[in-house]
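Have a look at the structure below before the remarks.
The values are calculated or read from the model by the stated rules, or taken from the named source; none is laboratory data. Just so we're clear, the structure is a prediction, and the values are computed from it rather than from any experiment. Cβ atoms come from the backbone with ideal geometry, glycine included; neighbour counts cover every protein chain shown. Calculation scope for accessible area: heavy atoms of the full protein, side chains included, ligands and nucleic acids excluded. Shrake-Rupley method; radii C 1.70, N 1.55, O 1.52, S 1.80 Å.
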Amino acid sequence: MYDKSAGGSQNDILMTRRKMLTTTTAGAAALAAAQGTPDSAFFELRHFYMRNSKSNQVQRTTDFIAKYYAPAAHRAGIGPVGVFSAAIAPDSPFLLVVSGYPSLAAMQTSLGKLAADAEYQKGCDAFNSNPDLAYIRMESTLLRCFDSVPAIETGPASAGRAARTFELRTYESDNEMTLQRKIKMFGEGEIAIFRRNGLQPVFFGEALVGPSLPRLTYMLAYENMAGREKAWAAFGADPDWQKLRVKPGLSDPDIVANISNVILKPVAGSDIQ
């Protein structure tokens, strides 16, 4: 569990992701292994956990991300950038920021550019000068995209249509072997079944550094909640899924220890709508 008792400096945390890459033995080992796949894309999921208060933490932080972080991230070569608020989720309210990188080397370069961005630094100073906390706690996870979904998919242009509904799903496994078996299952059939039944992938990633390892996390998009219900019903009835889910060693009890999900909506500053 994370401690929600104290805030932190937006500048300190957004600007020092590199420390996360080197401060734990497990994290260093995971990243060393990931370096062996030079074509892999990476992304960070960063949760800003908040509370309902007179200072309106959600709006203040959303405004900062939309006005300062997202533009600076684009200038630094970071992207796509997704920004979401909780629609149906425990631990609400919170914001989720998705930051994409084509490689770990590119991530290091982009973070250096972000740290040197004068306009962003100015925004951080203004954001942090307010004595009221803008959030209670942050939680960050670094993930590597699946080979079967090698990059974040932003979807169709948002002009002229309503914002979509998004679902973030996390599967925890008992060990690395069962996690890799589930990742292989996704890549060799399950994701294709998703697509043809209206479950539109945004990303699929294996968590390298973060809480509750080993695990994977993915995001799906729908036109609306009714579309979500229809798509999952079609997926559940799909003959190929019915065959795949009962193959020896691939049932949920064999390879998944826990499944959690939240429903999200995009907010200002998000490239993913």
**Prompt:** For Met177 and Gln108 in one chain, what is 0.36 nm times their gap in residues minus the Cα-Cα distance, to one decimal in nm?
**Reply:** 21.9 nm
**Message:** Under 8 Å for C-alpha pairs, at least 6 residues apart: give me the relative contact order for the chain, rounded to a whole percent.
**Reply:** 27
**Prompt:** What percent of all Cα-Cα pairs in the range 63-182 falls in each 5 Å bin, counting up from 0?
**Reply:** 2, 8, 14, 19, 20, 17, 12, 5, 2, 0
**Prompt:** Between Ser212 and Ala66, what is the FRET efficiency for a Förster distance of 30 Å, r being their Cβ-Cβ separation, to the nearest 0.05?
**Reply:** 0.55
**Request:** Show that you can apply the helix-only estimate: for the chain, add -39,500 (n - 2.57) for every DSSP H stretch of four or more residues, divide by all residues, and state [θ] at 222 nm to the nearest 500.
**Result:** -9500 deg cm²/dmol
**Prompt:** For Ser92 and Ala268 in one chain, what is 0.36 nm times their gap in residues minus the Cα-Cα distance, to one decimal in nm?
**Reply:** 61.5 nm
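Specify whether the C-alpha gyration tensor of the range 120-259 places it in the rounded, prolate or oblate class, a ≥ b ≥ c being the square roots of the eigenvalues: rounded for a/c under 1.5, otherwise prolate if a/b is larger than b/c and oblate if not.
oblate
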**Request:** Evaluate the distance, in nm, between pseudo-label points positioned 7 Å from the Cα of Glu229 and of Ala157 along their respective Cα→Cβ axes.
**Result:** 3.3
**Complete:** For the chain, Rg(Cα) over 2.2 N^0.38 Å is 1.01
**Fill in**
Whole-number value, in Å³ per residue, for the convex hull of the alpha carbons of the range 93-142 is 97
**Complete:** Most packed first (mean Cβ within 10 Å per residue), the peptides 78-85, 242-249, 262-269 order as 78-85, 262-269, 242-249
**Request:** Send over a whole-number figure in Å² for the accessible area per residue of the chain, probe 1.4 Å.
**Result:** 45
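Roughly speaking, to the nearest percent, how much of the chain's 1.4 Å accessible area is carbon and sulfur? Present the calculation step by step, with values, prior to reporting the outcome.
Working: 6640 of 12380 Å².
Reported share for carbon and sulfur atoms: 54 percent.
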**Message:** With the alpha-carbon atoms as the only input, what is the per residue convex hull volume for the range 38-109 in Å³?
**Reply:** 93
**Asked** If you project the alpha carbons of the range 218-273 onto their three principal axes, what span does each projection cover, largest first, in Å?
**Response** 45, 24, 15
**Complete:** Answer check: the range 168-250, Cα atoms, Kirkwood Rh, Rg/Rh ratio of 0.98
**Request:** Quote the FRET efficiency, to the nearest 0.05, computed for Asp238 versus Ser129 with a Förster distance R0 of 41 Å and r equal to the Cβ-Cβ distance.
**Result:** 0.15
**Asked** Where a Cα-Cα gap under 16 Å defines reach, which aspartates and glutamates qualify for Lys230, not counting those fewer than 8 residues away within the same chain?
**Response** Glu167, Asp238
